[in-house]
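The structure appears right after this line, and notes come after that.
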Ligand code: 5GP
């Protein structure tokens, strides 16, 4: 546990509103929103349906720029405190009481910039580099998806913070094929793409996603043997979220995970991620530790696993990636 906390980490799959501090959300809740649901969100039950009920309650509460800013800053603080040195946070642009979707993203980016300035002023020993991926909600319309893609492309031209486009939301709704145009547009403009894949059984949807070949896949849990063989032959990095996957699939423990062990043994490109640190009550360090325990990894293997995501980050500045990797290696040698 101490080693996992001490190692610098790269977190590539974390949804902003799934990582907010629930006591803060509860304190901001307007009358009418059930605060108990936020503080004890279906305590034992973290099936997909219950998670989406929690997201709805959080969204009903975070309705102003001030609330969004506070929550975003706290999320950055929490990942930094856990030793995350590189964070790709993702979020679905939405209108607030006092902002449209573009204003929402501008607020998150301002929080990133202010957080970095504060780290610099405090001479943080292990500064966190924050990056943003805009999410397309699969239960929204194709038109909204294209607006999100265009916003991401415009912002990527203006700031180094915006690095990609994600496809997420309730996996029982919408099909990737309806949204391919938005993702093609983003790709043509040079944005990187990541797609939530095979969270529930839907081989046709997974085939459409694999045909598009995003830069990374989220989860990729219910792959058919043919799909897995295809990925082994031409790997697309997978963002693997152990606790989230365990809850989604209702697994007794991580040793029953459908792909974790085999992907590790194959040295397949994976990144161990939290998904929603609050909703799944976890941290990046803890997810690393759970994998280490379930797969009996040595200290060297754990350090290698912590470094691995740096090979498939969406960061565009290659020099920054190299200096972060050097930092990871130095810190691992000292840990
Ligand atoms: P937000 O985008 O509002 O910052 O973060 C919460 C949103 O992320 C949820 O409403 C949902 O669209 C998406 N999300 C969070 N966790 C998951 C997950 O495990 N699976 C999928 N498909 N989407 C998720």
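Only the coordinates and a few stated rules stand behind these numbers; no lab work does. All values derive from a computational prediction rather than experimental measurement. Here the Cβ positions follow ideal geometry from the backbone for every residue, glycine too, while neighbour counts run over all protein chains shown.
Helix-only arithmetic for the chain: the sum of -39500 (n - 2.57) across DSSP H runs with n ≥ 4, divided by the residue total, places the mean residue ellipticity at 222 nm at -15000 deg cm²/dmol.
When a footprinting reagent is the concern and you count Cβ atoms within 10 Å, what order do 320, 192 take, fewest first? Could the numbers behind the result be given before it?
Numbers: 320 14, 192 21.
Fewest to most other Cβ atoms nearby, the residues stand as 320, 192.
One Cα centroid belongs to the stretch 106-180, the other to the stretch 196-244; the line between them spans 21 Å. The stretch between residue 215 and residue 267 holds 17.0 nm of extra length on full extension. This uses 0.36 nm per residue minus the Cα-Cα distance.
One decimal place: the segment residue 53-residue 226 gains 58.9 nm when fully extended, by the rule 0.36 nm per residue minus the C-alpha distance.
Three semi-axes describe the equivalent ellipsoid of the chain; taken as square roots of 5 times the Cα gyration tensor eigenvalues and ordered largest first, they are 26, 24, 22 Å. The peptide list 293-300, 157-164, put in order of mean Cβ contacts within 10 Å with the highest first, becomes 157-164, 293-300. Looking at the chain alone, DSSP beta bridges between its own residues are antiparallel in about 5 percent of cases.
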